[in-house]
Amino acid sequence: MAAGRPTVVIAGAGIGGLTAALALAAAGCRVVILEQATVLQEAGAGLQLSPNASRILIRLGLHAPLAASAIVPDAVRVMSGPRGVEISRLPLPRNTDAPYWVIHRAALQAALAAEVAKHPDIELRLGCPFVDVRDEADGVRVTSGPAESRHDDAATALIGADGIWSRVRAALWPDIAPRFSGSIAWRGTVDAERLTGVAPTHEVQLWMGANAHLVVYPISAGTRVNVVAITSGEWNEPGWSAPAADADVQAQFDATRWAAPARAIVGAVSEWRKWALFTVPDGIPWSRGRAALLGDAAHAMLPFAAQGAGMAIEDAAVLASCLAERPDDTPAALAHYAGLRQPRIARVQHTARQNGRIYHLGGPLAAARDLAMRAIGGERLLARQSWIYDWLG
């Protein structure tokens, strides 16, 4: 690493942490990434990267590797779960400078990790969990690693990008804990050939039903289909990828409430995983002195706006910009970063919660929703998301 540059330690090598490392290195920082896993292996299957996120990744030099494995869907097709008919079709923007991508999480993480590995000013330490942080006169000292091989790093700043169960957040604010939302996500993938004529090849499908919905879209260059089901439930064990019984998922989509096409999609998945959806309380502090939070550690949100990854990527870009603009006052830079991001995050969190309520309506309220969506039309419905997608940082 080059001498004389400020050093930033990032806890967590997920999408937010890796993006932050690249953005900070581009802004002139040395970066050390601490990751407790011994092998980078992204949990989950697919994710959506709307233009606000893809724009940042492209600026960081990731267009070629991401475009090779991502798909640019034509539209979001909103479907009635009980009736099996289309309610509305939202045409997605066809912006070559900032495309709307759907991609396998592992492909995104691999592209980020490859770029990190090439950068001379970034060090990634696997099997090296964050342990503690202490304030010093002109910085912080970060302790990490297993007990038998501890590291002590003097740094300008510490960034907690270590997810909803953040160790950094627990060290700084031990009274803040994640809360179970009352919803469970079930995910699986299936060969696209098994869903010919049912699942999308170049679109995202949103199936809405009473107390549940399905999101379906192609990944892996169109060879696989990602299926995510969100239902109400009481199971709330921490974690991202617990095994799920097929019968438990099927029970959520029985024939009395869901049309045959939706049940065909669910039935085609041979292996399900599940995770309980937790959030962190609104309005928690994001920065304290020379330490700050990023992504799910700061604002884990419900997935009903498809912006979890996007908001972490945005955080990374704003964080790097703030530190570059105030190189001699790190606490002020981190406080400014939090102040810039929190209003937008609060609005996205509100939108996600509102979407979840709308998606899960049943009976007469669902019928009224469907009529309203048809009357508004797909283009006007999509325009309501422009404040998210058109963000330029």
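The values are calculated or read from the model by the stated rules, or taken from the named source; none is laboratory data. The shown structure was predicted, so the numbers you read here are calculated from the model rather than taken from an experiment. Reconstructed Cβ throughout: ideal geometry from the backbone, glycine too, with neighbour counts over all protein chains shown. Each accessible area value is taken on the protein alone, full model and side chains, heavy atoms only, with ligands, DNA and RNA left out. Shrake-Rupley method; radii C 1.70, N 1.55, O 1.52, S 1.80 Å.
Structural remarks
- For segment 58-142, the strands (runs of 3 or more DSSP E) that sit wholly inside it and include 1 or more residues that are within 30 Å of ARG374 (Cα to Cα), open to solvent by 20 Å² or more (accessible area, probe 1.4 Å) and without any contact (Cβ under 8 Å) to a residue 40 or more places away in the chain are 86-91.
- Restricting attention to segment 166-191, the residues being of a type outside the set (Gly, Ala, Ser) and out of contact with any strand residue (DSSP E or B) (no Cβ under 7 Å at 6 or more places or on another chain) number 4.
- Out of ARG288, ARG263, ARG357, ARG353, sole residue that is of a type outside the set (A, V, I, L, M, F, W, C) and within 16 Å of the chain's Cα centre (by Cα): ARG353
For (1) at pLDDT 95 or above; (2) in a helix (DSSP H, G or I); (3) open to solvent by less than 40 Å² (accessible area, probe 1.4 Å), each residue gets a yes or a no:
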residue: ALA352; (1), (2), (3): yes, yes, yes
residue: ASN355; (1), (2), (3): yes, yes, yes
residue: LEU361; (1), (2), (3): yes, no, no
residue: LEU365; (1), (2), (3): yes, yes, no
residue: ALA368; (1), (2), (3): yes, yes, no
residue: MET373; (1), (2), (3): yes, yes, yes
residue: ARG380; (1), (2), (3): yes, yes, no
residue: ILE388; (1), (2), (3): yes, yes, yes
residue: TRP391; (1), (2), (3): no, no, no
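- Reported count of residues in segment 190-205, each being in a strand (DSSP E or B) and surrounded by fewer than 22 Cβ atoms within 10 Å (Cβ to Cβ), is 3.
- The condition of being over 18 Å from the mean Cα position of the chain (by Cα) and basic (Lys, Arg) holds for only one of ARG187, ARG194, ARG179, that being ARG194.
- The number of residues in segment 173-210 being under 23 Å from GLY378 (Cα atoms) and touching a residue at least 24 places away in the same chain (Cβ under 8 Å) comes to 12.
- Residue pairs whose Cβ atoms lie under 6 Å apart, separated by 6 or more positions or on different chains, with the first residue in segment 304-325 and of a type in the set (Phe, Trp, Tyr) and the second open to solvent by less than 20 Å² (accessible area, probe 1.4 Å), are PHE304/ALA352; PHE304/GLY356.
- Residues being closer than 16 Å to GLY81 by Cα and surrounded by 13 or more Cβ atoms within 10 Å (Cβ to Cβ) - total across segment 233-273: 14
- Taken over segment 164-186, residues that are open to solvent by less than 20 Å² (accessible area, probe 1.4 Å) and either at positive phi or in contact with a Lys or Arg (Cβ under 9 Å, 6 or more places away or on another chain) (or both) amount to 4.
- Among the residues of segment 309-331, those that are part of a helix (DSSP H, G or I), open to solvent by 30 Å² or more (accessible area, probe 1.4 Å) and not polar (S, T, N, Q) comprise ALA324, GLU325, PRO331.
- Annotation: of all residues in segment 149-163 being out of contact with any helix residue (DSSP H, G or I) (no Cβ under 9 Å at 6 or more places or on another chain) and outside any strand (DSSP E or B), the one that is most open to solvent (accessible area, probe 1.4 Å) is ARG150.
- Residue within segment 32-53 that is buried (at least 21 other Cβ atoms within 10 Å of the Cβ), at pLDDT 95 or above, closer than 23 Å to ARG167 by Cα and touching a helix residue (DSSP H, G or I) at 6+ places or on another chain (Cβ under 8 Å) present: yes
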